[in-house]
Amino acid sequence: MAYRRPVRATILRLGLGVAALLALIATGALGTEGLASAAARPELLAGAFLALLATVPLAAFRWWLLLRALGFGLGPGWAVATTFIGTLSNTFLPGAYGGDLVRVGLAWRVERAGLNRLAVSVLVDRLSGLVALLGLGLALLAALPGAPQGRLALIAGGLLLAGALGLALGLAFAVPLAALLGRLPGRLGATLAHITREVFGALRAYLHRPLVPLVAVAISAVQYVLVLAAIVALGRAMGFDALSAAGYAVAGVWSLVANAVPITPGGIGVGEAAFAQAARLLEATPSGAAYATVFLAQRVLSALVGALGVIPLVLLRADLRGSVALARQEAARGT
């Protein structure tokens with residue numbers, strides 16, 4: 001019975017995503033307008049695809065740096081292959097084997113130790129992207145009309161402040177927290193205390209090498225610049241010229257933030273709606289352009305990039321088979 005709940009939740013979230021797309025079609029924010037123009041500009045489509053493709057090796061290099069800082073000896077080539085497999089999983093297996101779980105499972109299968117520290121490396125990897133995205137959002141606020149600036153600055157600044165405060169409190173009270181959890185009865189207390197010590201120990205290792213997380217955030221910023229460049233290229237290819245390049249960048253940043261909210265699988269429908277709303281607010285003159293189509297096209301191209309993960313998946317299928325299950329078993333034992 002327990003497995004039915006996540007399945008039902010996934011179906012519900014997928015239904016919400018489909019409903020959001022249908023609503024965008026009904027309002028004219030999503031449609032076939034501009035697709036013929038885009039087909040006539042293959043150089044812009046190819047440029048957008050290559051920009052999105054370049055984000056994967058960058059993500060792999062970032063994770064590799066984070067792994068090295070924790071003492072893991074996995075190579076950069078392995079990190080690229082594993083990151084492509086994780087991207088494939090995130091794209092085509094929402095709610096099943098998440099890409100992060102696949103990456104942790106494959107890394108643990110090689111290392112056979114430090115499962116919790118591996119999980120922390122992926123967590124910090126994710127957080128570096130969020131920090132970079134919010135930083136870009138704050139940097140681009142000057143291009144927004146006056147009304148939304150204060151609200152969005154408050155949201156981004158609040159999230160960054162809450163994250164920093166949570167990290168500081170966690171590090172300050174990690175030892176007494178682990179001791180408190182260790183008093184819980186049975187194996188549960190020992191397991192939770194062990195996880196707490198490993199997680200905050202890994203975070204301290206990053207703080208002792210502050211250049212590593214800073215470089216990770218910088219790499220994430222470059223990644224998002226490439227994604228925004230792809231969005232601009234797609235908008236230009238579709239002939240939606242009422243929105244400036246800066247407008248595309250601002251709409252892109254905040255739609256990517258909205259897309260990260262786990263309301264629907266992969267943010268489908270949510271990112272498109274956010275992008276269409278922001279783009280229409282920022283265009284020089286009202287054009288009625290179907291701006292959600294631009295974000296959906298970026299999503300499709302990203303899915304094509306993710307599909308390339310089939311190649312390392314086939315090459316590493318023996319390693320992948322059972323790695324996630326083994327990682328789950330070790331997590332259950334608290335090792």
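The values are calculated or read from the model by the stated rules, or taken from the named source; none is laboratory data. The structure presented is a predicted model; accordingly, all values stated were derived computationally and were not measured. Positions of Cβ are backbone-derived with ideal geometry, glycine not excepted, and every protein chain shown enters the neighbour counts. These area figures cover heavy atoms from the full protein model, side chains too; ligands, DNA and RNA do not enter into them. Shrake-Rupley method; radii C 1.70, N 1.55, O 1.52, S 1.80 Å.
Applying a 10 Å radius around every beta-carbon, put 246-253, 222-229 in order of their mean neighbour count, most first.
246-253, 222-229
How much length is gained on full extension from Leu281 to Leu214, taking 0.36 nm per residue of separation minus their Cα-Cα distance?
Between Leu281 and Leu214, full extension yields an extra 20.8 nm.
Taking the solvent-accessible surface of protein heavy atoms with a 1.4 Å probe, what is the per residue accessible area of the range 211-283 in Å²?
On a per-residue basis, the range 211-283 sits at 34 Å².
Taking R0 as 25 Å, what's the FRET efficiency between Ala19 and Leu304 from their Cβ-Cβ distance, rounded to 0.05?
With a Förster radius of 25 Å, E is 0.50.
Could you tally the net charge around Phe61, taking each other residue with its Cβ under 15 Å from the Cβ of Phe61, Lys/Arg +1 and Asp/Glu -1?
Cβ neighbours under 15 Å give a net charge of +2.
In Å², what does the accessible area per residue of the range 39-102 work out to with a 1.4 Å probe?
42 Å²
If Lys and Arg each add +1 and Asp and Glu each add -1, what is the summed charge of the other residues whose beta carbon sits under 9 Å from the beta carbon of Phe72?
Summing Lys/Arg as +1 and Asp/Glu as -1 gives +1.
Got a number for carbon plus sulfur as a percent of the range 217-293's accessible area, 1.4 Å probe?
Summing carbon and sulfur atoms, their accessible area is 71 percent of the total for the range 217-293.
Leaving ligands and nucleic acids out of the surface, order Trp108, Trp64 by accessible area at 1.4 Å, largest first.
Correct descending sequence by accessible area is Trp64, Trp108.
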